[in-house]
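Heads up: the structure comes next, in C-alpha cells.
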Amino acid sequence: MDQHHDAVIRAVAEQDVRFIRLWFCDIVGTLKSIAISPADLEAAFEEGIGIDGSAIEGLTRSYESDMLLRPDPRTFEMLAWRGATAATARMMCDVLTPDGEPAASDPRRVLRDALARAEEKGLELYTHPEIEFYLFQEPYRRGAELQPIDQAGYFDHVHRGQGQDFRRTAIQYLEAMNIQVEFSHHENGPGQNEIDLRYADALSTADNIVTLRTVVKEVALSMGQVATFMPKPMIDQPGSGMHTHLSLFQGGKNAFHEPGAEYGLSRTGRRFIAGLLRHAPEYAAVTNQWVNSYKRLWGAQEAPSYICWGHNNRSALVRVPFHKPTKGTSSRVEFRGLDSAANPYLAFAVLLGAGLAGIENEYELPEGAEDAVWELTEQERYAMGIEPLPTDLFRALERFESSELMAQVLGEQVFEFFLRDKRNEWSRYREQVTDYELANTFGRI
C-alpha cells in the first residue's frame with residue numbers, strides 16, 4: 001500500500017477516528033460529502049467508494065450513473081469543529097468512472113489537467129486568495145431586511161465585536177486543519193469580513209477554499225449567525241470578492257520576476273497578464289458564475305467592471321502589486337474579478353489557461369491604466385482601448401459559448417453542462433417578478 005495511505009490508516013487508529021468524510025464538489029462548487037467508517041478506509045484507497053452520480057449537478061451524463069470516489073490521502077485532516085467525542089476526519093476526493101479513469105466532469109480533475117499542461121512547460125501555479133463574506137444575524141427570509149452582525153467598516157477594531165470572536169474561532173479551526181491564514185480583518189460592509197490564505201500551489205488552495213467556506217458556515221451557525229459568500233447580498237453595500245494573487249514558478253524561481261524591469265515584471269508575467277485581459281469576456285461566466293455576480297461587478301464599489309490592468313489602480317481587473325525589490329519571489333499579479341462564490345477548481349483552471357495562452361501566443365500587454373476607470377467617460381475608455389466586462393450572466397454566456405479556449409480548458413462535458421446549467425439559471429431569473437418591479441410599476445399603470 002502507498003506510504004500516504006499507511007500514514008492515514010495509522011492516524012485514524014491513533015486518533016480514534018470514528019467517521020471519515022469524503023468530500024467532493026459538483027460543477028458549480030457545492031460541497032458534497034459521504035461518511036465512511038475506518039473499516040472501509042482501505043477499500044476506499046484501493047478500489048474507491050461507489051456513488052450514484054446521476055443526482056449530482058453535472059457529475060455524469062444520464063447514462064453514466066455509477067461513479068467512484070477515491071480519497072486523496074494528502075488531504076487527510078481532522079474536522080476541528082467536531083470535537084473529540086466523535087472524532088471525524090475529512091479527505092478531498094477525486095471522482096472516477098467505474099473502470100477507474102478520472103471522470104471528465106470532476107472539477108478537481110479539470111484543475112489537475114490544467115496544472116499538468118503548465119507542468120509540461122516547467123511551470124507551477126501558486127495562488128493566494130483574499131476571501132470576503134458577510135455575517136448576518138439570521139437566515140434570509142423573503143421580504144425581510146437583512147441584519148448584519150455589526151455596523152463596522154474597513155479594518156475597524158470592534159470592541160467585544162462578534163466578528164472578532166468569529167474570525168478568531170474560524171482561524172483556530174483552519175490552522176488546526178493545517179490551512180495557514182496570513183491576514184484577517186473586518187471589510188468595508190457592515191458584517192463583512194475577510195480571511196486571506198497563505199500562498200500555496202493552486203490545487204491545495206482550491207481544496208483550502210472549499211474547506212474555508214465550510215468552516216466559516218459551521219462557526220457562524222455555532223455562534224447563532226449565518227454566513228454567506230453571495231457576491232452582492234445588499235444593494236447599497238460592497239459585494240464580496242476573492243481577489244487572488246497569482247504567480248508562476250519555474251525551476252524554483254518566480255517566472256514573473258525580472259530584476260530592473262518595470263514593476264519587476266518579466267516578459268512571461270506581462271504575457272500572462274495579456275492573456276488574462278484578452279480572454280476575460282470568455283471566462284467571466286466561470287469566475288463570476290451567478291446572476292448575482294454581475295450586481296457586484298457593476299455595483300460601482302471598487303469591483304472591476306472594465307478589462308484593464310494597472311499598478312496602483314484598485315478599479316483594474318488585474319493589478320501588479322508593489323513588491324520588495326530584493327525579494328523576487330514576491331512578484332505576482334492580482335486578479336480582482338473573482339467571486340468568493342466561484343468554483344475555485346474551475347476558476348483557477350480558466351485563469352491559468354488564459355494566462356498560458358498569452359505566454360504561448362506571445363500576446364502584447366497593452367498600456368496600463370492608472371486612472372480610476374470608473375471616473376473616465378465612455379469616450380475616454382474607448383480611446384484607451386478599455387472594454388467592459390459582460391454586464392450580466394446572459395452576455396457572459398454568449399462569450400463563453402463561442403470560446404474555443406474554454407472548451408479546451410474545461411473539457412467537452414464540463415463545458416456543455418456548465419453552459420446548459422447557467423442558461424437555465426438565467427431563464428429562471430428572467431421569469432421572476434421582483435420587488436423592484438412591483439414597487440415601481442404596480443400602482444403606476
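Values quoted throughout were computed directly from the atomic coordinates according to the rules given, and no laboratory measurement underlies them. Every value quoted in this text rests on a predicted model; they were computed, and no experiment measured them. Positions of Cβ are generated from backbone atoms using ideal geometry, with glycine treated the same way; all protein chains shown enter the neighbour counts.
Please list 3J(HN,Hα) in residue order for region 349-354, calculated via the Karplus relation 6.51 cos²θ - 1.76 cosθ + 1.60 where θ = phi - 60°; whole Hz, with x for glycine and proline.
After applying 6.51 cos²θ - 1.76 cosθ + 1.60, I find 5, 6, 5, 5, x, 5 Hz.
Amide H of residue 87: which non-local residues (sequence gap of 5 or more, or other chain) have their own amide H closer than 5 Å, using H built in the peptide plane?
18
Pop out the ³J(HN,Hα) list for region 357-365 in order, Karplus 6.51 cos²θ - 1.76 cosθ + 1.60 with θ = phi - 60°, rounded to Hz; leave Gly and Pro as x.
4, x, 5, 5, 9, 6, 5, 8, 7
What does the charge count around residue 437 come to, taking other residues whose C-beta lies under 14 Å from its C-beta (Lys +1, Arg +1, Asp -1, Glu -1)?
0
Which of 410, 352 has the fewest other C-beta atoms within 10 Å, and how do the rest follow up to the most?
Least crowded to most crowded, the residues run 352, 410.
Test of understanding: extend the Cα→C-beta vector of residue 391 to 7 Å, then name every residue of region 268-304 with backbone N under 18 Å from that spot.
281-282, 284-285, 291-301, 303-304
Using 0.36 nm times the number of residues separating residue 372 and residue 3, minus their current alpha carbon distance, what extension gain do you get?
Net length gain for the segment: 127.5 nm.
For a quick check, take a GNM of the chain with Cα springs below 10 Å and name the residue from 77, 262, 130 with the largest mean-square fluctuation.
Fluctuation is largest for 262.
How would you rank 429-437, 356-364, highest first, on the average number of other Cβ atoms within 10 Å across their residues?
356-364, 429-437
Give me 111, 405 ranked fewest to most by other Cβ atoms within 10 Å of their Cβ, as a rough exposure proxy.
In order of increasing Cβ crowding within 10 Å: 405, 111.
Kindly write out, for region 413-429 in residue order, the coupling ³J(HN,Hα) from the Karplus curve 6.51 cos²θ - 1.76 cosθ + 1.60 (θ = phi - 60°), rounded to whole Hz, with x marking Gly and Pro.
Ordered by residue, 3J(HN,Hα) equals 5, 5, 4, 5, 5, 4, 4, 5, 5, 6, 5, 5, 4, 5, 4, 5, 5 Hz.
May I ask you to sort 215, 409 by Cβ crowding, counting other Cβ atoms within 10 Å and putting the fewest first?
So the residues, fewest neighbours to most, are 215, 409.
Under 14 Å from a point 7 Å along the Cα-to-Cβ line of residue 430: which residues of region 392-410 have their amide N that close?
The answer is 392-399, whose backbone nitrogens lie closer than 14 Å to the label point.
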